[in-house]
Amino acid sequence: MDDQGGITVQRALELPGLRSGLPEVVACADRLGRTVRWVHAGEVPNIASLLKGGELLLTTGLGLGTRPAEQRAFVRRLAERGIAALVVELGPRFSRLPATIVETARAAGLPLVQLHREVPFVTVTEEVHTEIVNGHYALLQRAEEVHRRCTEALLGGGGIPQVLRILADFTANPVFLETPDAQLLYAAGSTAGDPGADPLQVWEGLRGQRGEAPPSNAVVVDVPGGGPGSGAVRARLVLLGVSSPVLPVHRMAAERTAGVLAVVLMQARQEEELAARGRGDFLTDLAEGRISAEDAPAQARVLGFRPGAGPLLPVVMRLAADLGPAGNWSVLARAVSEELSAVGVPVLLGVRPVEGRVPLLVALRSESERTAVADRVAAALRAGVGRGGGGRARFVYTF
């Protein structure tokens with residue numbers, strides 16, 4: 001089986017059907033490693049227009065024409081179409097292939113085989129197709145093995161880095177997990193690939209060459225988010241062929257790995273959203289007087305908020321009712337938190353999905369910086385809402 005998703009011309013010639021025809025390779029014997037993706041039999045002169053490339057074409061030569069110019073054109077069109085090989089059964093039409101056909105095939109780089117015995121083409125087709133299907137099943141099994149190893153890694157306490165490393169080792173190439181807007185989340189290199197290929201340096205190179213479409217040596221697979229709009233794609237898995245070619249079996253493995261990552265990210269998002277809701281409940285209870293001033297500091301510390309001795313700035317962000325990120329609050333909270341990290345002051349952020357609110361508490365060093373920090377917070381919140389898909393928002397600087 002060929003890792004490209006078919007069998008080689010050489011393997012097809014070794015199967016009983018073609019072997020019984022006493023095949024003789026008369027042109028391009030050095031190209032029998034070409035991949036056969038399908039078998040087609042035909043006798044019409046325009047058969048090249050019916051093919052897609054990668055076929056093993058069986059014919060008795062009736063469509064080859066009688067004049068050398070017709071024969072040269074017939075072979076050239078097949079070569080341009082990208083078929084794997086041309087197999088001609090000798091008999092009433094040709095007792096031996098004319099030199100014109102052989103020379104044209106050799107010049108075009110097209111493997112040419114003549115059969116000295118009659119063979120049932122249907123038998124050849126069945127045998128080759130069975131071999132191809134069995135080979136595809138073998139590729140699927142290899143891809144499923146990657147899926148099994150990734151699942152075992154997660155059950156053993158591993159996380160996304162371990163999953164990416166398994167895929168990187170399987171493909172002998174670096175693997176990346178990025179956000180839908182192409183921001184890097186994780187990177188993993190292969191222990192079997194080029195030891196000098198730092199995945200982060202490879203990523204920088206990828207960013208430089210990325211345009212409308214991914215590079216030809218890359219496989220990009222969406223990690224589904226399970227929701228419409230901005231929630232349809234949670235992340236993207238990128239496999240880059242640096243140390244070795246990217247094969248169809250690698251795409252299969254990447255697609256199965258993306259399914260594993262979708263589950264991991266969904267679980268992480270649910271946990272993240274629960275934590276954000278817990279912070280939102282705390283801030284709301286604090287604002288509405290259900291938590292005493294004495295108990296509030298201890299509870300805030302448990303939630304990770306450690307302000308200094310300066311004043312606190314309470315802020316509430318209200319999302320437009322028709323633009324709130326339904327089912328996507330963890331993404332919004334993460335985006336807003338990342339933007340707020342640039343403000344440089346301690347911030348406690350929560351979410352209140354039912355009311356469409358994001359309450360937060362900002363620690364100030366002094367009362368004099370209230371306005372300046374508030375403006376920076378508002379800018380960060382707007383940027384975070386834009387990244388998180390929340391649309392428009394307005395801000396209130398008191399509870």
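Taken together, the values in this text are just the output of simple stated rules run on the coordinates, not laboratory data. This structure is a prediction, so every number in the text was calculated from the model and none was measured. A quick note on method: Cβ atoms are made from the backbone with ideal geometry, for glycine too, and the neighbour counts reach across all protein chains shown.
General remarks:
- Potential lengthening of the chain between Arg148 and Val233 amounts to 28.3 nm, from the contour at 0.36 nm per residue minus the alpha-carbon distance.
- Here the alpha carbons of segment 1-159 define both size measures, Rg and Dmax, at 18.8, 71 Å.
- Rounded to 10°, Cα long-axis angle of helix 99-108 versus longest principal axis of the chain: 20 degrees
- Exposed GluC sites (Glu not before Pro) absent - longest run of the chain, DSSP non-H/G/I/E/B, at most 16 other C-beta within 10 Å: 119-211
- Springs between Cα atoms under 10 Å define the GNM used for the chain, and in it the highest mean-square fluctuation of Ala275, Ala363, Ala293 occurs at Ala293.
- Theoretical ellipticity at 222 nm over the chain - DSSP helices of four or more residues, -39500 (n - 2.57) apiece, nearest 500: -14000 deg cm²/dmol
- Length added when fully stretched, Ser368-Asp285, from 0.36 nm per residue minus Cα-Cα: 27.1 nm
- Nearest 10 degrees, 0 to 90: helix 68-81 Cα axis against the chain principal axis: 20 degrees
- In degrees, nearest ten, helix 121-155 long axis to first principal axis of the chain (Cα): 20 degrees
- The reciprocal of the average 1/r between distinct C-alpha atoms defines the Kirkwood hydrodynamic radius, which for the chain equals 25.9 Å.
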